[in-house]
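Single-structure report; data block below.
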Amino acid sequence: GENVEQHPSTLSVQEGDSAVIKCTYSDSASNYFPWYKQELGKRPQLIIDIRSNVGEKKDQRIAVTLNKTAKHFSLHITETQPEDSAVYFCAARYGIKAAGNKLTFGGGTRVLVKP
Amino acid sequence: GAVVSQHPSRVICKSGTSVKIECRSLDFQATTMFWYRQFPKQSLMLMATSNEGSKATYEQGVEKDKFLINHASLTLSTLTVTSAHPEDSSFYICSARPGAGTTSEQYFGPGTRLTVT
């Protein structure tokens, strides 16, 4: 099945700096790659996603890049703010219906933005 | 975005009893819902895929007789933890997709914190 690796596991940045989280996936059939932000005790919130026919996507301070050849994708947060502090998860989904269309999650990155 | 609700948000039960958790898609129909378990400081682990009108598909290592899933309608799936034990204490989160496509977005419920004493 699909395997998603996420790095780093923790990331501490100064307010205003950029944060980058990287994920790799194993199955070239995966075609959907969402990123979720989860605050303590809360549900994961979709913050941005990218589909395999696109190399980059931006939404204000957040951007995601996808390299299908290398099978890795990254989340970039610019001008970080204290409210960006949370756990971020990457995920990948098989593009094959018979595989159940399941999302496989990375291990998570705990981001701390220091004021 | 689409809204997924979950009930209850917290439950404390005694060892050996059963607990039912409900997951509802409020503004869309979901033929498929997903149940995850999340232990403290860990990632989300898929337990099973719930299919409306048919049997759930369980992930390897998840006991189907212990975690009963019923997806009786296009907006409701339930997870029953039977004969709960302290090691079942965890954060249970359901999820659903408004679309059937393989690239459609997936939304999560607020989670249920289960504590077994």
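Any read-out appearing in this document is the output of simple, stated calculations on the displayed coordinates, not a laboratory observation. What you see is a predicted model; the values in this text were computed from it and never measured. With ideal geometry, Cβ positions are generated from the backbone for all residues, glycine too; neighbour counts draw on all protein chains shown.
Within a straight-line Cα-Cα reach of under 26 Å, residue A:68 can be paired with the following lysines, leaving aside sequence neighbours fewer than 8 residues apart in one chain: A:22, A:37, A:57, A:58, A:97, A:102. Sorted largest first, the spans of the alpha carbon positions of the protein assembly as shown along the three principal axes are 49, 39, 32 Å. I need the shape label for region A:1-41. Rule: rounded when a/c is under 1.5, else prolate if a/b > b/c, else oblate, with a, b, c from the alpha carbon gyration tensor. Because a/c hits 1.5 or more and a/b exceeds b/c, region A:1-41 counts as prolate. Let me confirm the definition first: pairs of Lys residues in chain B, 8 or more apart or on different chains, C-alpha distance under 19 Å. How many are there? Within chain B, the lysine pair count is 6.
Taking a straight Cα-Cα cut-off under 13 Å and skipping sequence neighbours fewer than 8 places away in the same chain, the aspartates and glutamates within cross-link reach of residue A:71 are A:2, A:5, A:27. Computed over chain B, the P(r) curve from all C-alpha pair distances, binned at 5 Å from the origin, holds 2, 13, 23, 26, 20, 10, 4, 1, 0 percent per bin.
Approximating the spin labels as points 7 Å out from Cα along Cα→Cβ, the residue B:54-to-residue A:83 distance works out to 4.3 nm. For Cα pairs less than 8 Å apart in space and 6+ apart in sequence, what is the mean separation divided by the residue count of region A:31-115, i.e. the relative contact order in percent? Relative contact order here is 28 percent. Remark: chain A is approximated by an ellipsoid whose semi-axes, taken from the C-alpha gyration tensor as √(5λ), come to 25, 14, 12 Å, largest first.
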